[in-house]
Amino acid sequence: MKVAYVYELNAEDVTVQSGYPHAILHEMRGRNCDVVPAFPLDQGAQRRFLWKKIAYRAAGQIYRADRERAVLEDLAAQARICISDANVDCVFGPGSHAIARLETKRPVIFCADATFRNVLDFYEDFTRCAPEYVRQGEEQERAALQTAAAAIYTSEWAASSAIEDYGADPGKVHVVPFGANIVAKPFEDVKCYIANRSTKTMNVLFIGREWRRKGLPKVIATCRWLRRHGIDVALDIVGAEGYRGELPEFARFHGMMNKSKPHHRERLEAMMAQAHFLFVPSSAENFGIVFCEAAAYGIPSIATRVGGIPSIIQDNVTGVCLPPDSSAEEFGRTMLEIFGDRRRYEAMALRSYDEYATRLNWRAFGDRCLQIMTDLLA
């Protein structure tokens, strides 16, 4: 199968968009797809609208030029040049921007972790948006869904928005979760990790660059509650870029870590082997690849019931999702109950790994994506 891979950013770069465009590209090539790269695309057309961004900022509103029709048409024109003589079977985009205005006779497929309506007033970067930008975002989303023969979303939350908010044909909307950007260990190793986790000290792991949105203050407050109730807690904090708050004596701050660096990867793997829980109570989250990575190590996740997270974590089976306004005490009691019942904990940890092995990995994503393409061509 010959596939045009259309994306405005560099899909070869593992640091772009949490690494998922690179992971999908790698999966396609691993299945002997003849991939025609149409990335990265020049986004210089956005500079024409810099004056708008400045004007709206002065009015206290957020505006970006990434959804201007002229910008989208420019991306589509570049993509057409890249694939014009390639005689591809279909077109794939790990996002909906570059394909939104793409005119081609070949089937177009894109994947995304959210619709524009999903992120509007959900993420801080999408609050106080200028009315013009909201209109452009809505138009871009509808155009992408009209262009696409298939739209792949990572969660039921996002897929439902495509259907209910934008009138997408349910027959062309698919739910396929992303995979873990991690080198998974064999099942026998993971079983040993789970069995060897302490019965006396609860090891809690927080991973997240945007520490406010990811809920680090609530994590620290919950760990303090657990210690007041007699639980010896050790908290490892990874990421938390720019965090300057006071760290309690039971916390270890590791800062930003790069999995491509061997010494960083080894430290992270050691923490994940020992961790009882990944605890990331986000206030907003489109998906959360970090929960897939925890599952690869047999770590139950403690999280919030927001965005796409419930499509990753099976509540009370592979972890727990509580309402986002839950208190530190409510999170603490939940973790205490699970930690105090060793049989329940180990069953939850093993089910987490099983979810990774069957559903939350890039091989599974690639299999499903390829099947969707094959069905369209058939």
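Throughout, read-outs are computed from the coordinates displayed, never taken from laboratory work. Not measured: the values here are computed from a predicted model. Positions of Cβ are backbone-derived with ideal geometry, glycine not excepted, and every protein chain shown enters the neighbour counts.
Fully extending the segment from residue 305 to residue 342, taken as 0.36 nm per residue of separation minus the present Cα-Cα distance, adds 10.8 nm.
With each label modelled as a point 7 angstrom along the Cα→C-beta vector, the residue 229-residue 132 pair spans 5.3 nm.
Rounded to the nearest 0.05, what FRET efficiency is calculated for residue 77 and residue 52 with R0 set to 35 Å and r the Cβ-Cβ distance? In this case the efficiency is close to 0.95. Multiplying the residue separation of residue 270 and residue 316 by 0.36 nm and subtracting their alpha-carbon distance yields 14.0 nm. Among 14, 320, a tally of other beta-carbon atoms within 10 Å of each Cβ gives an order, fewest to most, of 14, 320. Projection of the Cα convex hull of the range 187-358, averaged over all directions and equal to a quarter of that hull's surface, yields 9.2 nm².
The mean of 1/r over all distinct Cα pairs in the chain, once inverted, gives the Kirkwood hydrodynamic radius of 21.9 Å. Extension gain for residue 212 to residue 371 (0.36 nm times residue separation, less C-alpha to C-alpha distance): 53.4 nm. Ranked by the mean number of other Cβ atoms within 10 Å of their residues, highest first, the peptides 96-109, 236-249, 321-334 fall in the order 96-109, 321-334, 236-249.
For the pairs 53/214; 185/261; 185/259, note any where the Cα-Cα span goes beyond 20 Å. Where the Cα-Cα span goes over 20 Å, the pairs concerned are 53/214. Extending 7 Å from the Cα toward the beta-carbon at both residue 187 and residue 42 defines two label points whose distance is 5.2 nm. By the rule of a C-alpha distance below 19 Å, with chain neighbours fewer than 8 residues away ignored, the aspartates and glutamates paired with residue 2 are 12, 27, 34, 85, 89, 103, 367, 375. In terms of the mean number of neighbouring beta-carbon atoms within 10 Å, the peptides 218-228, 186-196 order highest first as 218-228, 186-196.
Projecting label points 7 angstrom from Cα along Cα→Cβ for residue 195 and residue 139 puts them 6.2 nm apart.
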